[in-house]
Every structure is written in C-alpha cells, then in structure tokens.
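Q: Here's a structure for you.
The values are calculated or read from the model by the stated rules, or taken from the named source; none is laboratory data. If you're wondering where the values come from, they're calculated on a predicted model, not measured in any experiment. All Cβ positions, glycine included, derive from the backbone under ideal geometry; neighbour counts span all protein chains shown. Quick note on the areas: whole protein, heavy atoms, side chains included, nothing else; ligands and nucleic acids left out. Shrake-Rupley method; radii C 1.70, N 1.55, O 1.52, S 1.80 Å.
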Amino acid sequence: MGNYYKLELAWHANSAVPQNIPQSPHDWFSGLSIDHTFSRPLIFTFAPGVMHHYYPVDIPLMSDELLESLRDLGVDNIQSYPAVINTEGSDAIYCHYKAVNVVGLADVTEIKEEIGDTLDFPVSSVYEINEVSLKGLKLFRMPNSRVIIVDETVKNELEKKFFDLGFTPL
C-alpha cells in the first residue's frame, strides 16, 4: 500500500486569515463534480497578512502556482473557478487564486486505536485506504470530510516548492 498524507496549511502568526467567504449552493466537499459555470469570480475578504498557497475554507482556495504544480504532477481531478481576494482595510487585491473542487472520493476506513490506558493517551485514528477505489488518483477527498489527501509522490514534490503547506501522514 502506498503512503498518503493530509494536505494542510501551515498557519503562523502573520497568516492572512479569511474573514468573509461567499455563499454557494454547491457542496464543495462531496467529491462530486460541480456542473455549473460562474459568471463572475467568487469574492473573498481576508484580514491582512502573509498570503498562502492553500486555504481549506468553506470554498477551498488554491493559488494558480499550486494548481499548476499539481497539474504538472498529473493531478487532473480538480475543477477550478476564478476567485478574487480583497484585503480588509487595504487596497490589496489578489487575483491569482482559484476556488477549487476536488472530484474523487476514496473508500477509506477509520480504525480507532488505543494509544494507552489513561486519559493522557487518547484514542487516535488510523486510516485504511482501498487503493482500488482511487482509480489512479493522486489527490482525493475522504468521504464526509473536508480533508484532501495526496499520495507520497505529490507530497514530496510540493514540499520542495511550497513551504506553507503541511502534510500529516494517514
């Protein structure tokens, strides 16, 4: 079985923080395709700070640079839609982001493991992925979750280029 990782944002004190996320009738976390075209960019408002390449918010955002890198790595199951990020209290506007929908779910089983026998060592989760269900996907969603999973090849390449991403092993 291959190694898989949760894709995360490595937040820090100076991070730009989302303040206002547009409403959308679409389920951005279902793993299903969104059969809709948006006539205008989705408008987000962030508090000032350091901008990151990935924001796992209600409508996930990725920078154009991150999307291009993923596509160069053979990830072809991301729908992207124009987004604009306004910065609260300033004239800064960021147009190099896309709202993203990851198409594809994996058959994942969560297994609870006892780490110890006291409250100091709670139960942790371990995940088993049915690799047949992936059908070759290198990036996918866990069912009923906002979590995006990447395979080890994608993780290793992204780590070289994007210092603001984090990866937690499954």
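Q: Name the residue that is modelled with the lowest pLDDT, counting only residues in the range 91-117 that are over 22 Å from Leu170 (Cα atoms) and outside any strand (DSSP E or B). So that I can check it myself, show each step before the final result.
A: Initial filter on the range 91-117 (over 22 Å from Leu170 (Cα atoms)): 91-100, 117.
Okay, now just the ones that are also outside any strand (DSSP E or B), so 91-92, 117.
Values: Asp91: 89, Ala92: 89, Asp117: 55.
Restricting to residues being over 22 Å from Leu170 (Cα atoms) and outside any strand (DSSP E or B), the top hit is Asp117.
Q: Same structure, new question: Suppose we filter the range 153-170 for residues that are part of a helix (DSSP H, G or I) and more than 13 Å from Gly74 (Cα to Cα); how many remain?
A: Step one: filter the range 153-170 for residues part of a helix (DSSP H, G or I), giving 153-161.
Next, only the ones that are more than 13 Å from Gly74 (Cα to Cα) stay: 156, 159-161.
The number of residues fulfilling the criteria is 4.
Q: Against the definition (in contact with a strand residue (DSSP E or B) (Cβ under 8 Å, 6 or more places away or on another chain), modelled with pLDDT of 95 or more and not basic (Lys, Arg)), how does Val147 come out, yes or no? Show your work before the answer.
A: Values: in contact with a strand residue (DSSP E or B) (Cβ under 8 Å, 6 or more places away or on another chain): yes; modelled with pLDDT of 95 or more: no; not basic (Lys, Arg): yes.
Considered against the rule, which asks whether it is in contact with a strand residue (DSSP E or B) (Cβ under 8 Å, 6 or more places away or on another chain), modelled with pLDDT of 95 or more and not basic (Lys, Arg), Val147 comes out as no.
Q: Now for a different question. Where in the range 1-90 are there strands (runs of 3 or more DSSP E), lying fully within it, with 1 or more residues that are at pLDDT 85 or above and open to solvent by 30 Å² or more (accessible area, probe 1.4 Å)?
A: On the way: elements: 4-9, 18-20, 42-46, 61-63, 78-87.
Counting at least 1 such residues, we get 4-9, 42-46, 78-87.
Q: Just to be sure I understand, how many residues within the range 56-103 are among the acidic types (Asp, Glu), out of contact with any His (no Cβ under 9 Å at 6 or more places or on another chain) and free of Cβ contacts under 8 Å to residues at least 60 places away in the same chain?
A: Residues meeting the conditions: 5.
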